[in-house]
Ligand SMILES: Cc1ncc(COP(=O)(O)O)c(C=O)c1O
């Protein structure tokens, strides 16, 4: 049983596999690299995928969407493509290494960085962010939903603060895209980083960055774009200038099918399914003596993942027991967010993180909960 959809979603809807195979077997060519029919068909797939993503995030011009390899690629482009020495950026202690490491690298190149600690529930205080604002604050960069404890950040208020402070709002939607409604206009999002392979149900190696029209962004990868070939400088034409090199057409075709699946099902249905499973899991886990669940106390303040520890039980050992004894895949450890664990009080051992998906059933969650009880009893007995 696969319960690690926060890392990458599995299985994918059947149409995703079909779209990948169609792009590989029937189309074959690269978009924008020829005037022949196969290449035009590839360009059509690319366009339709951009249009599907634009529909999901209420983006009026799909050309403002740049396809990337994953959310990490989108975050690197957003940060490296906008920040220069002397700029200041604010992020939170709940953010992922894919946000923090590019920022540490930029700090070494003269960018000022403030990391605001969240509360012990993983939610950042807008007032604390406000206090960190400086005259040169260029970006406030926040993950919408914590990949460690599922805490949902107050993005409407953060967007308003960005507006007041004259800063750009960068939202890392790695754990929220495909689960929570994200309307780039409503939330005044300037830069939206999204993985294609998690909640959008596309293949690995897919992601995207939305760049609002008013944002000036530089390319971080230079190379062939299939156009402006005599120019020595990278053409900063949206989106091609930022997608140098041959694109991942099979992945993007699959991503389109994944987005269509989410759109057809409806975000509220996806969210209700997910939260019903998380609530069911939480209720069973709370009955186990010594189990602690992290994140906001109110389940409506959480989404996508449930993280827990059991006293006297090593999280990595528990995950290994679940895998070997019951064929259940969950993730244990720091989940690429060490600072989040320092804030939650779960450093260095980390937590066991469970993330059901669109095809997970209530029966599977019941099986999982029984398995956890048995594994904890076994481990406690052996120590
Ligand atoms: C909050 C958050 N940001 C960024 C990432 C990086 O995503 P990707 O693996 O698509 O690069 C993840 C991945 O788990 C994440 O949870």
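Tabulated data
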quantity: Degrees between helix 71-80 axis and first principal axis of the chain (Cα, 0 to 90, nearest 10); calculated: 60
quantity: Shape parameters for the chain, alpha-carbon atoms, Rg then Dmax in Å; calculated: 21.2, 71
quantity: Virtual spin-label span in nm between residue 104 and residue 364, 7 Å along Cα→Cβ; calculated: 3.4
quantity: Calculated on alpha-carbon atoms, Rg and Dmax of the range 1-143 in Å; calculated: 19.8, 58
quantity: Between the range 33-47 and the range 282-307, the Cα center-to-center distance that results, in Å; calculated: 48
quantity: Mean Cβ neighbour count within 10 Å, used as a protection proxy, ranking 226-236, 20-30 highest first; calculated: 20-30, 226-236
quantity: Burial order of peptide ranges 66-72, 216-222 (average beta-carbon count within 10 Å, highest first); calculated: 66-72, 216-222
quantity: The range 74-147, relative contact order [Cα under 8 Å, separation at least 6], %; calculated: 42
quantity: Ordering of 257-265, 278-286 by packing [mean C-beta count within 10 Å, highest first]; calculated: 257-265, 278-286
quantity: Rounded Å value of the spacing that divides the Cα centres of the range 91-163 and the range 316-383; calculated: 27
quantity: Percentage relative contact order, the range 267-382, counting C-alpha pairs under 8 Å, at least six apart; calculated: 30
quantity: Principal-axis tilt of helix 37-56 within the chain, Cα atoms, nearest 10 degrees; calculated: 50
quantity: Equivalent ellipsoid dimensions for the range 267-382 as semi-axes, Å, which come from the Cα gyration tensor, largest first; calculated: 21, 18, 13
quantity: Relative contact order of the chain, defined on C-alpha pairs under 8 angstrom at six or more residues apart (%); calculated: 23
quantity: The chain: calculated mean residue ellipticity at 222 nm from DSSP helix runs of at least 4, using -39500 (n - 2.57); calculated: -12000 deg cm²/dmol
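Read-outs throughout are calculated quantities, based only on the coordinates presented, and are distinct from any laboratory measurement. Just so it is clear, the structure is predicted and the values come from calculations on it, not from any experiment. Reconstructed Cβ throughout: ideal geometry from the backbone, glycine too, with neighbour counts over all protein chains shown.
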